[in-house]
Amino acid sequence: MPKDSGIGASSKRREDVRFLTGNGNYTDDHSMQGEAHAVMVRSNVAHGKILSIDTSAVENMPGVLAVFTGEDFVEVGGNPAGWLIHSRDGEPMREPKRPVLAHGKVRHVGDAYAAIIAETVQQGRDAAEALAAATEIEELPAVVNMAAAVANADNRVHDEIPDNLCFDWGWIEDNRDAVDQALKDAPHVTTLELVNNRLVPNAMEPRSSIGEYYSSDDSYKLTTTSQNPHLTKLLVCAFVLGIPEHKMTVVAPDVGGGFGSKIYHYGEEALVLVAAKKLRRPVRWTAERSESFLSDAHGRDHVTTIEVGATLDGEILAIRTNTLANVGAYLSNFSTATPTFLHGTLMAGPYKVPHVYVNLKAVFTNTAPVDAYRGAGRPEATYSIERAVDKMARELKLDPVEVRRKNLLTPDQFPYTTPVALVYDTGNYQATLDKALELADYAGFEARAAESKSRGKLRGMGLSTWIEACGIAPSHLVGQLGSRVGLYDAATVRVNATGSISVMVGAHSHGQGHETVFAQIVADKLGIDEGAVDIVHGDTSKIPFGMGSYGSRSLAVCGSAMDRAMDKIIAKGKKIAAHMLEASEGDIVFEDGSFKVEGTDKAKAFGEIAFAAYVPHNYPLEEVEPGLEETAFYDPNNFTYPAGAYLCEVEVDPDTGVVEVVAFTCADDFGNVMNPMIVEGQVHGGVVQGIGQAMIENTTYDENGQLMSGSYMDYAMPRADDVPMITVDHSCATPCTHNPLGVKGCGEAGAIGSPPALVNAVIDALNRGGHDVAHIDMPVTPSRVWSAMNG
Amino acid sequence: MTSISMTVNGKPASGEVEGRTLLVQFLREDLRLTGTHVGCDTSQCGACVVHVNGEAVKACTMFAADADGADVRTIEGMANADGSLGTIQQAFQDHHGLQCGFCTPGMVMSAAALLKDNPKPTEAEIREYLEGNICRCTGYHNIIKAIQAASGQLTAVAAE
Ligand code: FES
Ligand code: FES
């Protein structure tokens with residue numbers, strides 16, 4: 001019987017009511033008394049020297065209140081990278097300043113070099129256009145192609161960085177010789193060059209920020225589209241503007257999707273704060289979609305060569321990858337962690353591989369910054385491994401399923417230390433593989449393929465067995481790896497006098513349904529009604545601290561903090577109950593929402609204890625403080641390792657190259673599942689983003705650095721009629737061993753496991769149709785597929 | 001500036017607008033009906049769908065002045081008279097047809113227009129009809145189920 005409340009129930013989402021009735025509270029829905037509007041002036045060339053900006057040309061235009069240029073921010077700090085990576089030679093990465101507004105040079109199309117503050121948006125736009133016309137920029141040759149960027153020392157994105165190289169990273173350098181040797185000795189080596197195509201995250205809500213300044217106490221408030229308001233606060237205060245943190249509140253209200261792109265602090269946030277102080281008025285900025293394309297951090301953009309050494313019966317002996325990773329024109333906050341520690345550390349996949357070595361060069365180009373996008377590094381690793389293993393199976397004429405089976409770690413091998421420094425705690429990769437094969441009716445595939453053939457279509461099946469590292473992350477470990485922050489999370493559980501509960505969490509919900517799921521967990525543990533629990537998130541003035549939501553970390557890290565805070569509540573409740581029940585504390589047990597004297601029928605309900613804590617008349621005041629509110633910070637001691645097996649079935653039209661995804665099956669191990677309905681929804685969404693990457697989405701810049709895919713007319717988003725229903729299962733659960741909820745995280749899985757399954761399926765279809773095609777780069781558009789078939 | 005008046009969610013509404021003011025701006029900024037969203041600047045995403053004289057319209061493609069005298073319905077007008085969720089809204093909640101909620105008003109308005117013309121659409125018909133509504137969160141799976149449920153074609157309540 002499915003549960004109807006608490007952990008494991010598909011509780012309906014409470015947040016839905018406001019979203020379904022038009023009462024959502026997104027940043028741009030706020031209306032501020034007396035507000036002014038910011039409009040950014042963005043470069044229309046990829047690379048150029050700013051010769052002059054004639055602000056006098058617009059200062060007297062209708063409605064113009066102020067004009068800012070890069071000059072105004074020379075004295076303040078830059079927006080930093082959150083991770084310091086060291087190159088193989090021990091040198092620290094090159095870290096150019098990322099200013100609020102470009103100064104001296106513009107470095108990508110969309111790079112903002114000025115901002116207009118005006119009475120209305122329209123007046124701001126008119127003035128922005130006029131200012132652009134009054135600006136002289138000497139266009140410089142654009143650095144676009146990564147290979148050319150590192151080869152040409154004279155053409156520099158940043159004048160001080162001669163080879164456009166941010167770092168040249170090896171993981172793990174000590175493995176290098178052994179991997180070289182193992183590949184030399186391997187009976188078979190599969191080599192594959194592939195492109196992990198650049199994507200634009202495209203949360204449906206464009207970025208938006210409102211700055212307010214209160215002269216009464218010299219304080220600020222930033223309302224912004226953020227996945228992690230505390231981190232934004234830290235960055236904008238401590239690194240960029242030098243505002244004391246106690247003078248700043250950051251609020252991320254309802255946020256319309258993030259997928260990584262709203263993790264980072266962006267210059268517009270600093271700008272609206274500075275402008276608000278200058279004008280003594282609230283200042284609002286909302287991106288138009290075309291600005292989002294130009295200025296949101298993009299995702300992926302790797303060019304990789306992977307080599308897999310294997311025995312002739314398909315046992316993997318070694319994996320080596322060489323990658324160029326685009327970081328764009330500036331380092332976005334997570335941009336140096338994403339291609340390194342979220343990518344290289346995963347290069348053993350779910351397999352028992354003795355030798356792995358990853359080399360990755362991060363390259364500056366005159367394109368928008370590239371950073372974490374749903375999955376962040378792990379999709380790139382998974383795609384490389386799963387395409388290469390599939391190719392290896394094909395080259396050796398082995399069954400791709402059996403090759404996986406031969407190499408997958410077995411349940412008795414956990415905990416397992418990989419050659420790339422992770423310790424997988426639990427898993428059962430055979431179980432998820434078997435489950436996926438069963439749900440996808442793998443056995444019936446040949447019959448379906450024959451039926452497709454009778455209609456002139458080529459049917460193919462593609463598999464990917466994937467793993468990721470989530471629950472980011474143990475602070476001591478990430479500290480060693482270069483992180484400049486800790487990656488714990490925090491929660492305060494406040495039991496009100498009448499027994500209802502407010503929980504202030506550091507995680508931020510922008511579609512994940514935390515308000516519902518976190519309440520389920522609290523209700524379950526404290527034995528009270530879900531309706532008596534409110535989850536408060538997104539406001540730094542209310543919440544102790546938090547590192548936000550990304551990397552499938554909310555439940556595993558913040559949920560664990562909440563669980564620990566509840567442990568403290570229960571421990572305090574036991575003391576109070578012992579006093580009230582005249583028993584010894586050691587005899588008190590907490591069960592079903594009551595504090596009981598073990599073995600007797602003496603008990604106090606949770607609500608009675610809460611009331612006593614706030615009206616402490618009969619209360620152990622000498623030992624216990626009044627009130628019932630506890631905060632916990634939780635720092636995980638390992639990553640979590642969700643894993644699974646995905647099967648994609650496609651039909652290819654050999655005449656047109658059109659690929660149709662006819663079935664998609666996911667068997668995932670997310671550990672314990674708190675709300676199956678929400679987990680399934682996360683997988684659906686992730687898979688469709690993965691199908692989008694594999695089939696239609698692509699971000700292209702021309703050789704001058706102009707973005708060719710800068711709107712929904714040119715950038716193909718998956719639409720309802722591009723995708724099938726998706727079969728999902730999460731029954732093969734091996735709970736995480738090191739967090740109290742046993743959860744692993746589910747937010748990114750779909751986007752990680754799906755692209756290789758789809759491309760593998762297309763390659764399978766073509767080969768079954770007699771076309772000897774080894775690889776097609778994503779997206780597998782009709783023209784690419786047709787060209788591959790027709791040589 | 002032009003004076004316009006229209007009926008919005010059954011109530012009279014009026015205002016002064018510039019010729020270039022879009023209907024979506026008028027709804028959001030003048031009437032403060034912020035449930036109708038703006039997700040793009042090329043009429044592609046459908047976050048702004050409202051009904052004008054009973055037809056689904058992208059409110060970012062219509063000038064406010066052109067809606068003068070019209071009967072306009074927005075997401076704020078979709079609940080039952082007692083404030084409870086309407087059938088389509090309820091089906092979206094029951095089947096987890098929304099995550100971040102940003103595309104949702106447009107999805108609900110499009111779904112309502114579809115079901116008016118085609119009370120029992122097939123999955124393929126729903127997918128085709130929603131071609132102008134982008135959702136980045138749900139993968140559409142549960143939106144399809146919600147619309148099937150709202151049309152009485154799904155009996156099981158649990159979302160799969
Ligand atoms: S805002 Fe109207 S279609 Fe996107
Ligand atoms: S629910 Fe987020 S865009 Fe559809």
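The values are calculated or read from the model by the stated rules, or taken from the named source; none is laboratory data. The structure displayed is predicted, hence computed values, not measured ones. Here Cβ is always computed from backbone atoms with ideal geometry, including for glycine, and neighbour counts include all displayed protein chains. SASA here: full protein model, heavy atoms, side chains in, ligands and nucleic acids out. Shrake-Rupley method; radii C 1.70, N 1.55, O 1.52, S 1.80 Å.
Answer with yes or no whether A:Ala774 is open to solvent by 20 Å² or more (accessible area, probe 1.4 Å), in a loop (DSSP other than H, G, I, E, B) and in contact with a Gly (Cβ under 9 Å, 6 or more places away or on another chain).
Values: open to solvent by 20 Å² or more (accessible area, probe 1.4 Å): yes; in a loop (DSSP other than H, G, I, E, B): yes; in contact with a Gly (Cβ under 9 Å, 6 or more places away or on another chain): no.
Taking the combined requirement at face value, the residue does not satisfy it.
Among the residues of region A:369-387, is any surrounded by fewer than 24 Cβ atoms within 10 Å (Cβ to Cβ) and touching a residue at least 60 places away in the same chain (Cβ under 8 Å)?
Kept after step one, since they are surrounded by fewer than 24 Cβ atoms within 10 Å (Cβ to Cβ), are these residues of region A:369-387: none.
The answer is no, given that none of the residues of region A:369-387 is surrounded by fewer than 24 Cβ atoms within 10 Å (Cβ to Cβ) and touching a residue at least 60 places away in the same chain (Cβ under 8 Å).
Tell me, which residue of region B:138-155 that is in contact with a Lys or Arg (Cβ under 7 Å, 6 or more places away or on another chain) and more than 10 Å from every other protein chain (Cβ to nearest Cβ) is most open to solvent (accessible area, probe 1.4 Å)?
Across region B:138-155, the extreme among qualifying residues is B:Gln153.
If I filter region B:114-134 for residues that are in contact with a strand residue (DSSP E or B) (Cβ under 8 Å, 6 or more places away or on another chain) and within 15 Å of ligand 2 (Cβ to nearest atom), do I get at least one hit?
Yes, the conditions are met somewhere in region B:114-134.
Filter region A:723-736 down to the residues that are more than 9 Å from every other protein chain (Cβ to nearest Cβ) and crowded, with 22+ Cβ neighbours inside 10 Å and list them by number.
Selection gives A:His730, A:Cys732, A:Thr734, A:Cys736.
So, in region B:31-57, how many residues would count as being within 12 Å of chain A (Cβ to nearest Cβ), away from ligand 2 (no atom under 14 Å from the Cβ) and out of contact with any Leu (no Cβ under 9 Å at 6 or more places or on another chain)?
Number satisfying all stated conditions: 5.
Out of the residues in region A:1-54 meeting the condition of being within 16 Å of ligand 1 (Cβ to nearest atom) and of a type in the set (D, E, K, R), tell me which one is nearest to A:Thr700 (Cα to Cα).
A:Asp28
I need every pair where a residue in region A:192-209 that is under 11 Å from A:Arg289 (Cβ atoms) has its Cβ under 8 Å from the Cβ of a residue that is within 12 Å of ligand 2 (Cβ to nearest atom) and part of a strand (DSSP E or B), sequence separation at least 6 or different chains.
Here the result reads A:Glu205/A:Tyr26, each pair linking region A:192-209 to a residue that is within 12 Å of ligand 2 (Cβ to nearest atom) and part of a strand (DSSP E or B).
Just checking: which of the strands (runs of 3 or more DSSP E) contained wholly in region A:616-726 hold 3 or more residues that are in contact (Cβ under 8 Å) with a residue 40 or more places away in the chain and closer than 27 Å to B:Arg127 by Cα? So that I can check it myself, show each step before the final result.
Numbers: elements: A:629-634, A:643-652, A:659-669.
The strands (runs of 3 or more DSSP E) meeting that bar are A:643-652, A:659-669.
The rows are residues; the columns are (1) within 14 Å of chain B (Cβ to nearest Cβ); (2) part of a loop (DSSP other than H, G, I, E, B); (3) within 22 Å of A:Gly710 (Cβ to Cβ).
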site: A:Asp72; (1), (2), (3): no, no, no
site: A:Pro80; (1), (2), (3): no, yes, no
site: A:Pro96; (1), (2), (3): no, yes, no
site: A:Ala114; (1), (2), (3): no, no, yes
site: A:Gln123; (1), (2), (3): yes, no, no
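Among the residues of region B:107-126, what is the count of those that are more than 7 Å from chain A (Cβ to nearest Cβ), under 14 Å from the mean Cα position of the chain (by Cα) and over 19 Å from B:Thr7 (Cα atoms)?
Residues in region B:107-126 being more than 7 Å from chain A (Cβ to nearest Cβ), under 14 Å from the mean Cα position of the chain (by Cα) and over 19 Å from B:Thr7 (Cα atoms): 6 in total.
I'd like the full set of residues that are open to solvent by 10 Å² or more (accessible area, probe 1.4 Å) and in contact with a helix residue (DSSP H, G or I) (Cβ under 8 Å, 6 or more places away or on another chain), limited to region A:713-722. Spell out the reasoning first.
If we filter region A:713-722 for residues that are open to solvent by 10 Å² or more (accessible area, probe 1.4 Å), which is where we start, we get A:713-714, A:716, A:719, A:721-722.
Matches in region A:713-722: A:Ala716, A:Arg719, A:Asp721, A:Asp722.
Six or more apart or on different chains, Cβ under 6 Å: which pairs go from a residue in region B:120-137 that's open to solvent by 70 Å² or more (accessible area, probe 1.4 Å) to one that's hydrophobic (A, V, I, L, M, F, W, C) and away from ligand 2 (no atom under 15 Å from the Cβ)? Could you list them?
Qualifying pairs under 6 Å: B:Tyr129/B:Leu114.
Against the condition among the aromatic types (Phe, Trp, Tyr) and touching a residue at least 60 places away in the same chain (Cβ under 8 Å), how does A:Phe606 come out, does it pass? Talk me through it step by step, then tell me what you get.
Working: among the aromatic types (Phe, Trp, Tyr): yes; touching a residue at least 60 places away in the same chain (Cβ under 8 Å): yes.
So A:Phe606 passes the test.
Looking at A:Arg156, is it under 28 Å from B:Cys103 (Cα atoms) and either charged (D, E, K, R) or assigned by TED's automatic domain parsing to the domain that holds A:Val759 (or both)? So that I can check it myself, show each step before the final result.
Details: under 28 Å from B:Cys103 (Cα atoms): no; either charged (D, E, K, R) or assigned by TED's automatic domain parsing to the domain that holds A:Val759 (or both): yes.
When the stated conditions are applied, A:Arg156 does not pass them.
Filter region A:103-149 down to the residues that are of a type in the set (Gly, Ala, Ser) and over 21 Å from A:Thr367 (Cα atoms), then identify the one that is surrounded by the fewest Cβ atoms within 10 Å (Cβ to Cβ).
Initial filter on region A:103-149 (of a type in the set (Gly, Ala, Ser)): A:104, A:110, A:112, A:114-115, A:118, A:124, A:127-128, A:130, A:132-134, A:142, A:147-149.
Adding the requirement that they be over 21 Å from A:Thr367 (Cα atoms) leaves A:118, A:124, A:127-128, A:130, A:133-134.
Numbers: A:Ala118: 25, A:Gly124: 26, A:Ala127: 27, A:Ala128: 23, A:Ala130: 17, A:Ala133: 10, A:Ala134: 15.
Residue satisfying both the conditions and the ranking: A:Ala133.
Considering only strands (runs of 3 or more DSSP E) fully contained in region B:41-113, which possess at least 2 residues that are within 13 Å of ligand 1 (Cβ to nearest atom) and either open to solvent by 20 Å² or more (accessible area, probe 1.4 Å) or outside the structural domain of B:Val17 (by TED's automatic domain parsing) (or both)? Lay out the reasoning, then the answer.
Numbers: elements: B:49-52, B:55-58, B:71-73.
Hits in region B:41-113: B:55-58.
I'd like the full set of residues that are within 15 Å of ligand 2 (Cβ to nearest atom) and among the aliphatic types (A, V, I, L, M), limited to region B:92-113. Lay out the reasoning, then the answer.
Keep residues of region B:92-113 that are within 15 Å of ligand 2 (Cβ to nearest atom), which gives B:92-93, B:95-111.
Within region B:92-113, B:Leu98, B:Met107, B:Val108, B:Met109, B:Ala111 meet the criteria.
Which one is nearest to A:Asp635 (Cα to Cα), of the residues in region A:686-698 that are more than 10 Å from every other protein chain (Cβ to nearest Cβ) and open to solvent by less than 10 Å² (accessible area, probe 1.4 Å)? So that I can check it myself, show each step before the final result.
At the first step, the residues of region A:686-698 found to be more than 10 Å from every other protein chain (Cβ to nearest Cβ) are A:693-698.
Still in the running and open to solvent by less than 10 Å² (accessible area, probe 1.4 Å): A:693-694, A:697.
On the way: A:Gln693: 33, A:Ala694: 35, A:Glu697: 37 Å.
The qualifying residue nearest to A:Asp635 (Cα to Cα) is A:Gln693.
Any chance you could count how many residues in region A:415-470 are among the basic types (Lys, Arg) and either in a strand (DSSP E or B) or surrounded by 18 or more Cβ atoms within 10 Å (Cβ to Cβ) (or both)? Give the derivation first.
Let us first name the residues in region A:415-470 that are among the basic types (Lys, Arg), namely A:435, A:448, A:453, A:455, A:457, A:459.
Narrowing the set further to residues that are either in a strand (DSSP E or B) or surrounded by 18 or more Cβ atoms within 10 Å (Cβ to Cβ) (or both) leaves A:435, A:457, A:459.
Residues in region A:415-470 being among the basic types (Lys, Arg) and either in a strand (DSSP E or B) or surrounded by 18 or more Cβ atoms within 10 Å (Cβ to Cβ) (or both): 3 in total.
Within region A:325-345, identify whether any single residue is within 21 Å of A:Gly753 (Cα to Cα), assigned to a strand (DSSP E or B) and at pLDDT 95 or above, and answer yes or no.
The answer is yes, given that some residue of region A:325-345 is within 21 Å of A:Gly753 (Cα to Cα), assigned to a strand (DSSP E or B) and at pLDDT 95 or above.
For (1) more than 16 Å from ligand 2 (Cβ to nearest atom); (2) farther than 24 Å from A:Gly328 by Cα; (3) hydroxyl-bearing (Ser, Thr, Tyr); (4) touching a Leu at 6+ places or on another chain (Cβ under 7 Å), each residue gets a yes or a no:
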residue	(1), (2), (3), (4)
A:Ala252	no, yes, no, no
A:Ser261	no, no, yes, no
A:Tyr264	yes, no, yes, no
A:Leu279	yes, yes, no, yes
A:Arg284	yes, yes, no, no
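Can you tell me which of (1) modelled with pLDDT under 95; (2) among the aliphatic types (A, V, I, L, M); (3) closer than 26 Å to A:Pro162 by Cα is the one A:Met32 doesn't meet?
Here A:Met32 clears every test but (3).
Given the options A:Leu241, A:Leu235, A:Leu192, A:Leu231, name the one that is in contact with a Lys or Arg (Cβ under 8 Å, 6 or more places away or on another chain) and not assigned by TED's automatic domain parsing to the domain that holds A:Glu386.
Working: A:Leu241 fails: in contact with a Lys or Arg (Cβ under 8 Å, 6 or more places away or on another chain); A:Leu235 fails: in contact with a Lys or Arg (Cβ under 8 Å, 6 or more places away or on another chain); A:Leu231 fails: in contact with a Lys or Arg (Cβ under 8 Å, 6 or more places away or on another chain).
Selected residue: A:Leu192, the only one of A:Leu241, A:Leu235, A:Leu192, A:Leu231 that is in contact with a Lys or Arg (Cβ under 8 Å, 6 or more places away or on another chain) and not assigned by TED's automatic domain parsing to the domain that holds A:Glu386.
When the residues of region B:6-24 are narrowed to those that are under 24 Å from B:Ala112 (Cβ atoms) and open to solvent by 60 Å² or more (accessible area, probe 1.4 Å), which ends up farthest from the other protein chains (Cβ to nearest Cβ)?
In the first step, residues of region B:6-24 are kept if they are under 24 Å from B:Ala112 (Cβ atoms); the result is B:6-13, B:22-24.
When the remaining residues are screened for being open to solvent by 60 Å² or more (accessible area, probe 1.4 Å), the result is B:10-12.
Values: B:Gly10: 14, B:Lys11: 14, B:Pro12: 19 Å.
Of everything passing the filter in region B:6-24, B:Pro12 is farthest from the other protein chains (Cβ to nearest Cβ).
Can A:Gly170 be described as open to solvent by 10 Å² or more (accessible area, probe 1.4 Å), on the phi > 0 side of the Ramachandran plot and not polar (S, T, N, Q)? Write out each step before concluding.
Working: open to solvent by 10 Å² or more (accessible area, probe 1.4 Å): yes; on the phi > 0 side of the Ramachandran plot: no; not polar (S, T, N, Q): yes.
Here the answer is no, as A:Gly170 does not meet what is asked.
Among what's in region A:503-519 and is in a loop (DSSP other than H, G, I, E, B) and touching a Pro at 6+ places or on another chain (Cβ under 9 Å), pick the residue that is nearest to the other protein chains (Cβ to nearest Cβ).
First, pick out the residues of region A:503-519 that are in a loop (DSSP other than H, G, I, E, B): A:506-513.
Subset that is touching a Pro at 6+ places or on another chain (Cβ under 9 Å): A:506, A:508.
Values: A:Gly506: 19, A:His508: 11 Å.
In this case the residue turns out to be A:His508.
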